[in-house]
Amino acid sequence: MSKKITFSKALREGLHEEMVRDENVFIIGEDMAVMGNVFGVTTGFLDEFGPNRVIDTPISEEGFCGMAVGAAMRGLRPVVELMYNDFITVAADPIFNQAAKTRYMTGGQATVPMVLRCPMGAGRRNAGHHSQSLEALFCHFPGLKVIAPSCAEDAKGLIKSAIRDDDPVVSLENKLLYAKKEEIPEEEYLIPLGKAKVKREGKDLTLITWSRQVNFAMEAAENLAAEGIDVEVLDLRSLVPLDWEAIAASVSKTHNVLIVSEEVKRGSYAGELSAQIAEELFDELDAPVERLCGLNIVSPFSPVLEDENFPHPETIAKAVKHVLNK
Amino acid sequence: MATKKKTTEKYSKEQLLGFYRTMCRVREFEEHAAECFTKGMLAGNIHLSIGQEAAAAGAFAAIQPQDFFTSTHRGHGHAIARGMDPNMAMAELFGKKTGYCQGKGGSMHITDMSKANHLGANGIVGAGQGISAGSALASKIKGDNSVTVGCFGDGSTNEGTFHENLNMAATWKLPLVWFIENNCYGVSTEIHRVTNTPDLATRAAAYGVDYAVVDGTDVLAVYEAMCKAMDHARSGKGPYVLEAKVYRYQGHYCGDPAVYRPAEYMEKALANDPIEKLGKKLLAAGATEEELQKIKDEAKAEMDAAVKFADESPYPDLAEVTTDVYAMDNERCVER
C-alpha cells in the first residue's frame, strides 16, 4: 500500500513517528513550535508533544546548536533546524568543532546523537545568503554524517535512520523538493544511511547525483534514451557514509561517469567523488570523469542569472554527450 | 578579627583541611605538569591554573555528585578538584593510552563521562557555554534535579555564545551555573583594555539573571557563593553567574614569560596566595605547621606517582588512529 504526500509531509511523518517512539527525541530551532516551521515540517507538534519537546529559539544559531550538542551528550536526541544551510557560517563551531569531533577527542566516551536539518539549494530567487549547496563543507569534517534525499520516500526513511543514529547527522534538504508530491509506503519503514539507489538502469554512462538534481538527471536520461543513449542514474542519498560498492558496480558496468551537483564547482564534493573514482577505478574508465556543477560564483539573485548557476536537464544531456564524445 | 571567629565557627578543622588539601593537590598537579613540560616529556602546550586553586576547590566543593560541568583549556584544576584521577589526567597530558581520553584529547580536552560527569574541557573559548547550557536543558527536559556548571574565564565572556546562551537559559529557567574565573588576561590582553565594565558577572543583569562577584583567592568565600548559586539553579529559579577574581601566576601557556603584565600584578597575586591565605586561617583554627606540611608532602607524593604512571604508560596502539571517529559504521565512514 502506498500514499501520495509531499516531501515536507513525509519528513513530518518521519519526525512524528520517531518522537512518538522515543521520548528522548526533541525539536529545537527557529519557528519550529508555534509556527510549525516555515515549510510545515512540524505543524501541530507543539500541541501534541508540548513545549519541552518542541522548542522555538531566538535567532541565536551558534547558541542553540551548542545547546543541542550538550543535550545530545546527555543522551537526548535533538533534531535541530538551521533555517537555511547558509547559516552554518554563524553556527560553525558547535557543529564542526564540537558535534563532529567530541567523540574522537574524548577517546570514544561522548556520543552526540543529534540531527541538523538544513534546507538548502538554489532556485528560489533568494540570492547568495539563502541559496547555497554546501555539501563539501559538511562532508569535510570527520565525525559528521551527511544525507541528501531526493524524494519523499527517502526523506522519511532517511530522517528516521538519522534520528536513530548515534552520530551527528546533517540532513541536506533542497527547498524546491518540499512541495513535491510523491508515493511513499503506507507502513513504517527505514532507509539505512550509506545506501545509494539506482533510479534508472543503463549501460552507457553512470550519472552520479543526489537531492534535487536526481529529478533533472532522470529527465535528461529519458530524453537521451530517445537518442539511443542509455544512462544509469545513481542517487547517492547519503554522502557520508558513501555507498562505494554501488558506485564501483555501476562504473564497472558503464565505464563512463558524470557527476552532477548544484555546488560551486571548485572544492565541491563532486570533485571529491571524481578524485576517488579516478584513483581507484581508473582501469574501468573509457573517458575522464566529468563534473557538472554550479559556476565558481556567488549564487545570483536575478532569475535569469540564477538559472545559469545550476544544472538543468538540457545541460546535463549535453554533458553526458561530452563524456561519451557524441 | 571577626573573620577568624566566623571561619572557626562555620567550619570544622577537618573541613578546612579538606579545602587545603584540594588546593595543594591542584597546585602540585600543575607544578608537576610544568616540570614535565619543561623537561620535554609532554607534547603540545599546557595552560596552568597555579594561583587559581581557591576558585576550583571552593566551587567544586559545592557541586554535587549528580551535577555536570564543562571546563576550558585551563582545566586541570577543575578535574582534580572534582576528585578525578590524577594518574589518568596526567597520562592524558602525555598522550598516553591510559589517559582519560586515551591520549586523543590531551590537556585541553580532559573529559570523564562515566564517573565525574565532566562534559569536557575545550579548546575553543566559549564552546563550553553552549554545551553547559545544553546539558542544563537536558536536565530540565529529563527533570533529573541535576545542575550543570559551566566553568570558563574572563576572555570567553566576550564571545557571542555567552550572550546567546545566557539569554536562552534565563528565558527557559535552566538549572545552570556559570562560574567565571577572571584572571584579568586573555592570553596577553588585559580584560579592561577590551571590556567596558569593571566586573563581568554584571552582564547577567541584562538577561534578568542573578549574579555575584567574589574574591577568588578566598576558598571559603568562593564555596559559600557557589553554594548559593547552586541552590538558586537547583530550585528552578534559572541560571546564576558567579565571577571569582583570581590571579594567573604563569603566562597564558606554560613557558610564556608574560612580559605584557605589570610587576604589580604578581605582587598582588603573591600577597593573596590562596593556599597561604587558608594556611593562616588553619593555624589560627588550631592546625599545626606539621599538619599542613604533611598535606603538602602527600600531594607531592601523589603527583610524583601520577607522573611516573603517565611516563611509564604505553602510547595508544597505532590502530587506534582511526577508531572512535564515529559511533556507528566507523570503518566505512573513515575509509572515504
* What is the Cα centroid distance between the range A:149-164 and the range B:134-206, reported in whole angstrom? -> 37 Å
* Asked: Can you tell which of B:Thr148, B:Thr202, B:Thr217 shows the greatest fluctuation in a Gaussian network model of chain B with Cα springs below 10 Å?
  -> B:Thr202
* To do: Compute for chains B and A the buried accessible surface, both sides summed, probe 1.4 Å, and express it in Å² to the nearest 100.
  => 3900 Å²
* So how long is each side of the range A:2-185 along the principal axes, counting just the alpha-carbon atoms, biggest first, in Å? -> 45, 37, 30
* Can you grab the distance from the C-alpha centre of the range B:40-100 to the C-alpha centre of the range A:232-267, Å, no decimals? => 47 Å
* Between the helical axis of A:313-323 and the dominant principal axis of chain A, each derived from Cα atoms, what acute angle in degrees is found, rounded to the nearest 10? -> 50 degrees
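I want to verify the translational diffusion coefficient of the protein assembly as shown in µm²/s; compute it with Stokes-Einstein, Rh as the Kirkwood radius over Cα pairs, at 25 °C and 0.890 mPa s. Numbers along the way, then the final one.
Working: Rh = 26.8 Å.
D = 91 µm²/s.
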* To do: Output the Kirkwood hydrodynamic radius of chain A, Cα pairs only, in Å rounded to one decimal.
  => 20.0 Å
* Asked: With each label point set 7 Å from Cα along the Cα-Cβ vector, what nm distance links B:Lys294 and B:Asp144?
  -> 3.9 nm
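Can you show me the helix-derived [θ] at 222 nm for the protein assembly as shown, built from DSSP H runs with n ≥ 4 at -39,500 (n - 2.57) apiece and divided by the number of residues, rounded to the nearest 500. List each step's numbers first, then the result.
Numbers: 24 runs with 263 residues, N = 662.
That comes out to -12000 deg cm²/dmol.
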* Structure fact -> The percentage of Cα-Cα pairs in the range A:197-323 separated by more than 22 Å is 29 percent
* How high is the FRET efficiency between B:Thr38 and A:Val198 when r is their beta carbon distance and R₀ equals 51 Å, given to the nearest 0.05? -> 0.25
* **Exposure of A:Thr111 as accessible area (Å², to 10), given a probe of 1.4 Å and all protein chains** => 40 Å²
* Asked: Per residue in the range A:40-67, which ones lose no less than 30 Å² of accessible surface when going from chain alone to all protein chains (1.4 Å probe)?
  -> A:Asn52, A:Ile55, A:Pro58, A:Ser60, A:Glu62, A:Gly63, A:Met67
* **Spin-label model distance (nm) - B:Ser188 vs A:Ala287, 7 Å beyond Cα toward Cβ** => 5.8 nm
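Compute the relative contact order of the range A:2-185 as a whole-number percentage, counting only Cα pairs closer than 8 Å that sit 6 or more residues apart in sequence.
Details: 375 pairs, mean separation 53.3, N = 184.
That works out to 29 percent.
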* Quick one: angle between helix A:269-280 and the longest Cα principal axis of chain A, in degrees between 0 and 90, rounded to 10, please. => 60 degrees
* Asked: Looking at the range B:100-186, which GluC sites (Glu not before Pro) are DSSP coil and have at most 12 other C-beta atoms within 10 Å of their C-beta?
  -> none
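Which residues make up the longest stretch of chain A clear of GluC sites (Glu not before Pro) that lie in a DSSP loop with no more than 15 other Cβ atoms within 10 Å, not counting the sites? The partial results should precede the final answer.
Values: sites that count: A:Glu23, A:Glu186, A:Glu187, A:Glu188, A:Glu201, A:Glu227.
Result for the longest clean stretch: A:24-185.
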* the protein assembly as shown: antiparallel DSSP beta bridges as a percent of all, rounded to 5 -> 20 percent
* Please give the FRET efficiency for B:Asp311 paired with B:Gln64, using the beta carbon to beta carbon distance and R0 = 30 Å, rounded to the nearest 0.05. => 0.30
* In whole angstrom, note down how far apart the Cα centers of the range B:227-285 and the range A:1-64 are. => 45 Å
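The values are calculated or read from the model by the stated rules, or taken from the named source; none is laboratory data. Not measured: the values here are computed from a predicted model. All Cβ positions, even for glycine, are placed from backbone atoms using ideal geometry, and neighbour counts span all protein chains on display. SASA here: full protein model, heavy atoms, side chains in, ligands and nucleic acids out. Shrake-Rupley method; radii C 1.70, N 1.55, O 1.52, S 1.80 Å.
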